[in-house]
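S.K.: Quick one: the structure is below, and I'll ask about it shortly.
The values are calculated or read from the model by the stated rules, or taken from the named source; none is laboratory data. Because the structure is a prediction, the values reported are computed rather than measured. Note that we place each Cβ from the backbone using ideal geometry, even for glycine, and neighbour counts take in every protein chain shown. Note: areas computed on protein heavy atoms with side chains; ligands, DNA, RNA excluded. Shrake-Rupley method; radii C 1.70, N 1.55, O 1.52, S 1.80 Å.
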Amino acid sequence: MTAWRFARLDGLSAREVHDILRARAAVFVVEQACAFQDVDGADPESWHLFAAAGGEVRAYCRLVPAGVKFAEPSIGRVVTARGARGTGLGRALMREALARAQALWPGQAIRIGAQLHLERFYGEFGFARASEPYDEDGIPHIEMLRPGGPA
Ligand SMILES: CC(C)(COP(=O)(O)OP(=O)(O)OC[C@H]1O[C@@H](n2cnc3c(N)ncnc32)[C@H](O)[C@@H]1OP(=O)(O)O)[C@@H](O)C(=O)NCCC(=O)NCCS
């Protein structure tokens, strides 16, 4: 079973912050060949959910409160390490994130900015397309909304 760690930025050690930012940059900047401002100012407002093994972050996402990215709470920077893909870890991460979001913000809708090719993946978790496709840093995205109500 995956051991999840869940904390505000100030509750993380400097080493954990380093490992998280390293994992995010490895995928969102290097793997996806995308020059963008990953450290965007939302991290101090967010909750950070991750699983690490052998000093490497294997899965990570952040839970962003309402009013920071969107009017609704959001889940972002959803990522698994390259070597961990296709093992079910990404789905486990999303299940854990939604359970945490439900506990933090009971009954609230969640809006995400999803890479377009992952529409089916997020659809499995109750998210539905809520915008036309748009370009974000050269990558096609859509907003997706998971309606509020009982989990
Ligand atoms: C999206 C991501 C977190 C999924 O993690 P994972 O550990 O591979 O996920 P799982 O093994 O639990 O599930 C795999 C599912 O992810 C989806 N998926 C993963 N990569 C995909 C791709 N390139 N295109 C479409 N769907 C993909 C599929 O639904 C797949 O299910 P399938 O194998 O039954 O088709 C991972 O691929 C990743 O980190 N991608 C790069 C970062 C990223 O783009 N994050 C999303 C930002 S919106």
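S.K.: So which pairs qualify, if the first residue must be in region 99-114 and closer than 14 Å to MET144 by Cβ and at pLDDT 95 or above, the second must be open to solvent by 50 Å² or more (accessible area, probe 1.4 Å) and not in a strand (DSSP E or B), the Cβ gap must be under 7 Å, and the two must be at least 6 apart or on different chains?
M.R.: That search, which allows pairs on different chains as well, returns ALA109/PRO147.
S.K.: How many residues are part of a helix (DSSP H, G or I) and within 7 Å of the ligand (Cβ to nearest atom) if we restrict to region 111-125?
M.R.: The number of residues fulfilling the criteria is 4.
S.K.: If the requirement is being at pLDDT below 95, away from the ligand (no atom under 14 Å from the Cβ) and more than 18 Å from TRP47 (Cβ to Cβ), which of these qualifies: GLY83, GLY149?
M.R.: Of GLY83, GLY149, the one residue that is at pLDDT below 95, away from the ligand (no atom under 14 Å from the Cβ) and more than 18 Å from TRP47 (Cβ to Cβ) is GLY149.
S.K.: Take the residues in region 51-80 that are of a type in the set (A, V, I, L, M) and open to solvent by 30 Å² or more (accessible area, probe 1.4 Å); name whichever of them is nearest to the ligand (Cβ to nearest atom).
M.R.: Only one residue fits best here, namely VAL78.
S.K.: Please state which of the following conditions LEU9 fails to meet, knowing it meets all the rest: (1) within 15 Å of the ligand (Cβ to nearest atom); (2) open to solvent by less than 50 Å² (accessible area, probe 1.4 Å); (3) out of contact with any strand residue (DSSP E or B) (no Cβ under 6 Å at 6 or more places or on another chain); (4) more than 19 Å from GLU143 (Cα to Cα).
M.R.: Every listed condition holds for LEU9 apart from (1).
S.K.: Can you spot a residue in region 95-106 that is within 20 Å of PHE6 (Cβ to Cβ) and either near the ligand (Cβ under 9 Å from one of its atoms) or of a type in the set (Ser, Thr, Tyr) (or both)?
M.R.: No, region 95-106 contains no residue that is within 20 Å of PHE6 (Cβ to Cβ) and either near the ligand (Cβ under 9 Å from one of its atoms) or of a type in the set (Ser, Thr, Tyr) (or both).
S.K.: Within region 43-50, is even one residue of a type in the set (Asp, Glu), at pLDDT 95 or above, crowded, with 18+ Cβ neighbours inside 10 Å and in contact with a helix residue (DSSP H, G or I) (Cβ under 7 Å, 6 or more places away or on another chain)?
M.R.: yes
S.K.: Specify the residue that is nearest to GLN115 (Cα to Cα); the eligible residues are those in region 126-146 that are free of Cβ contacts under 8 Å to residues at least 40 places away in the same chain and assigned to a loop (DSSP other than H, G, I, E, B).
M.R.: PRO133
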